[in-house]
Amino acid sequence: MLSSKSSRFAINSCRNSSRRVLTRKYFSTTHEECDVVIVGGGPAGLALASALGSKHSLRESLKVALVEAGDLSKVQNWVPADGTYSNRVVSLTNASQAFLNDIGSWSHIEMDRTAPIEEMQVWDGISDARIEFSAAEMSLSNPGQGMARLTEVLNLQRALLRHLELMPHVEVIDKTKVMGISPESVDGGWPLVQLENGRVLRSRLLVGADGLNSPVRSFAKIPTYGWAYDTHAIVATMFHSAKNPYHGPNTTAFQRFLPTGPIAFLPLSSTASSLVWSTKPDLAAALKNVEPSVLARMINAAFRLPEVSMRYLHDRIREAHQAGTPITDAEIKSEIQWREQSHSIGSNSAYSSAPFDMSEELLGIPPDGSELLPSLVTSIQPGTVASFPLRYNHTETYIGEGEGSRTVLVGDAAHTIHPLAGQGLNLGLGDVECLARVIQSAVLRGGDIGSYTSLLPYSRERYLENHKIMSACDKLHKLYSMSFGPVVSARSVGLEVLNEFDSIKAAFMMTAGSSPRVQRENGSLGGDLRSTAFNVAAKGVEGLTATAGVVQAMRGGLAGLAVNGLHSLLTAISSSQVKK
Amino acid sequence: MFPTALIRSSTVNAAEIAHFSRLSALWWDEHGEFSFLHKMNPVRMQFIREKLLEVAYDEQPENAVDPTKAGILHGLDVLDVGCGGGLLSESLTRLGARTTGIDASESNIAIARHHASLDPRLSQSLSYKHTPAESLLAEPKRYDVVCSMEVLEHVDNPALFLSTCAELLKPSGHLFLSTISRTPLAYLLTIFLAEKVLGKVADGTHTYSKYIKPSELIEFFTKYRSPSQDSRPWITRLYGGVPTRTEAEVRGLIFNPLQMGWMLAPKGAWGATECNYIFWTRKPALENVLNSMAQR
């Protein structure tokens, strides 16, 4: 993608050249007329191109082009070595899967490289209060498919590209930068997208699927609002021994909320899982710098040791990193052993990391409670450790106006969120599903798909929906970053209250898109499902309100405040479901 | 402007034309003066689309048009009377029609032409003419579909206007009209609220006494016979004041202030046609003419 600096320069230079073109002849032959120009070949952009290309009724009405600076043939011809996994993974909700299936892209996914998530274990690092989600108790139409499916982003992108290859009417222009975007210099003119190779695409609708620093967004002058969390996420591919037959397959996702941020263990295959560890930037830098075996030991500890010991280990690693002598495997091993002893964690306990140094044959029946924890990580796939800063971002609108009209934003160009609920890419696919539907409906009514009137239903449906899920994730992050005593005890009550209410879990998971989205071909909603969700959510919230009252009486003002926070969050979540 | 003689023989109201000419530059500002029309346009198109598909299916269920196809007007000659800035004309053209948009305001036509010139998909089959509908009668060309949206309430002598639109149709052709009913509710919403209180629509856009009730339109077509055809009236039967769906249909257009959008009311919805409504009727086919001549 363009850096903002170069794009600003490029936009200026493009404006000059386009004016020259325009003065020569108003409808100049140097422009190529396009109905939809998608900037960005990430999952959202590719999915939009596939969705529009797959709709038979749109074929003759829309000329679609996608522009990407990178080399997409590398993605399309991606052949990973056996048993290795890319570190960028996505948990596709059932709604996202249903959408990809509808447009015909899902069949191009290599299913062997996906893993269903049938259960989630989420717990608080300080109080150990735990919440369990299981697909079996979520009244899904097909519990066997799990509540989400984990796969590599590359697997998804490759599938979309393979699907697009079957659509010659959708033009994919890769290895080509967008040099600039400028408005035509006539009243009501269309955006002109100038490409590196000299081509100029005159676009009826310009879609920004171009990520966090979206050049399309800067062209449309759409303001964005957000902040950087004081948090970086470390990702890596982890190897571990296969789960013991007593525990069944590796289909449980684990997440522990530490005060430094949540650490998540996401299953990819029986012996490989993906790490998403959100933590303080300096810790992330230190952890990225240690030997792989040290990182593996730290991951095991982060899921097992009490919070006070984790704080100690964090300090040790931070100090060693600052001193320029990264901690060694032997050092961290003895530190962890000492910590386990002082917490009286015996070598037979599920919380012990002792098996890390034992050969597999020596391991017998797993100890009690080991189903509550992820498998012990034995090694890290070389070259997969990476980190990136986390941000919360939401644009003020998704549709450009005035000089920037005929633009629309999808995916990360419109919003970025904390990855703790794994919703980022799913929100983007939700945008794409909606935008494709809105475009189709406008085309069938003879609408100009670049007009504000045609696009308004898209922003109306998605903006609030995204905002609710985004602020829910943001609030969860903040709630769990606190180690302040009364808040912790209140939130442990909150979580345990949560655990009691299957209905709330169902509502939460439905919002997170676990049940396939209702078909909305003709704009009509499945009335049955909608009202069921409403009842479920209403019942749950009612129950929680009563409990919150009790807690308030028990713990007084401050604790009540935290529960109220959780309560309002749940209300937001359930009412967003009601809206659907 | 037209020669005085033309104005006298047409249904064009000079004051109305002056009013819309003043506003013409605003036609394509989707947030401005005509935002209500921009939002109404997809709903009017939805009605046109659904009605034409319904008729096509009734006539030839075995090779009816694919309802998911966009170009359902392909190959049809369509006339948009009182096209304004071309909101409806452009949409009709995108569905495949060979469209002629006419308007009595020259500045409206200029705006419509400029706007259409920006869209490469329109240049082939959309043309605009600055003329009153009456002068088209002198030309031989007749149309498969005639639309006149939000125009009826602005013309003088609506009966003459309706028969002009009717005469411009080919046999079996479709007439679509949308307008406002003459009810206290319509006065409250379209004049008192929209113009006087909220100022969403320019003051003086509407005149209450010019509003026409759906029953009056239906009554007109139960009596109206095409002079050139000498056939049956366009509407032959009424059941409790309601025509059969193969001869005519009235549907309410309802503005939802919470969503700031229009919706097409379901068929026969109670009270739905008390304010804005859309009307469809159809010119009798030639066979009917032959039949009625044979009977005599």
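The values are calculated or read from the model by the stated rules, or taken from the named source; none is laboratory data. From a predicted model like this one, the values you see are computed outputs, not experimental measurements. Cβ sites come from the backbone with ideal geometry, for glycine too, and all protein chains shown count toward neighbours. All accessible areas refer to the heavy atoms of the entire protein, side chains included, with ligands and DNA or RNA removed. Shrake-Rupley method; radii C 1.70, N 1.55, O 1.52, S 1.80 Å.
The table for this structure:
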item	result
Among (1) touching a helix residue (DSSP H, G or I) at 6+ places or on another chain (Cβ under 9 Å); (2) farther than 23 Å from A:TYR225 by Cβ; (3) not β-branched (Val, Ile, Thr) - the single one A:GLY450 does not satisfy	(1)
Sole residue being part of a loop (DSSP other than H, G, I, E, B), open to solvent by 20 Å² or more (accessible area, probe 1.4 Å) and within 12 Å of chain A (Cβ to nearest Cβ), chosen from B:LYS39, B:LYS69	B:LYS69
Some residue of the stretch B:113-131 being within 14 Å of chain A (Cβ to nearest Cβ) and at pLDDT 95 or above	yes
Among (1) buried (at least 22 other Cβ atoms within 10 Å of the Cβ); (2) within 30 Å of the chain's Cα centre (by Cα); (3) more than 20 Å from A:ILE417 (Cβ to Cβ); (4) polar (S, T, N, Q) - the single one A:THR251 does not satisfy	(1)
Qualifying positions in the stretch B:263-296 - of a type in the set (Ser, Thr, Tyr) and either modelled with pLDDT of 65 or more or buried (at least 17 other Cβ atoms within 10 Å of the Cβ) (or both)	B:THR273, B:TYR277, B:THR281
Top-ranked residue in the stretch A:176-193 [being touching a Leu at 6+ places or on another chain (Cβ under 8 Å) and away from chain B (no Cβ under 14 Å); ranked as surrounded by the most Cβ atoms within 10 Å (Cβ to Cβ)]	A:ILE181
Which listed residue, of A:GLU401, A:GLU396, is surrounded by fewer than 22 Cβ atoms within 10 Å (Cβ to Cβ), away from chain B (no Cβ under 14 Å) and modelled with pLDDT of 90 or more	A:GLU396
A:ILE417 being out of contact with any His (no Cβ under 7 Å at 6 or more places or on another chain), touching a residue at least 24 places away in the same chain (Cβ under 8 Å) and away from every other protein chain (no Cβ under 14 Å)	yes
Hey, A:SER96 assigned to a helix (DSSP H, G or I) and either under 21 Å from A:THR271 (Cα atoms) or open to solvent by 50 Å² or more (accessible area, probe 1.4 Å) (or both) or not	no
Evaluation of A:ARG59 against (1) away from chain B (no Cβ under 14 Å); (2) within 23 Å of A:LEU205 (Cβ to Cβ) (one fails), failing number	(1)
Among (1) within 14 Å of another protein chain (Cβ to nearest Cβ); (2) open to solvent by 30 Å² or more (accessible area, probe 1.4 Å), the one test that B:GLY96 misses	(2)
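Results for (1) in contact (Cβ under 8 Å) with a residue 60 or more places away in the chain; (2) in a helix (DSSP H, G or I); (3) open to solvent by less than 40 Å² (accessible area, probe 1.4 Å), shown as yes or no for each residue.
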{"residue": "A:ASN426", "(1), (2), (3)": "yes, yes, yes"}
{"residue": "A:GLY430", "(1), (2), (3)": "yes, yes, yes"}
{"residue": "A:CYS434", "(1), (2), (3)": "no, yes, yes"}
{"residue": "A:SER441", "(1), (2), (3)": "yes, yes, no"}
{"residue": "A:LEU456", "(1), (2), (3)": "no, yes, yes"}
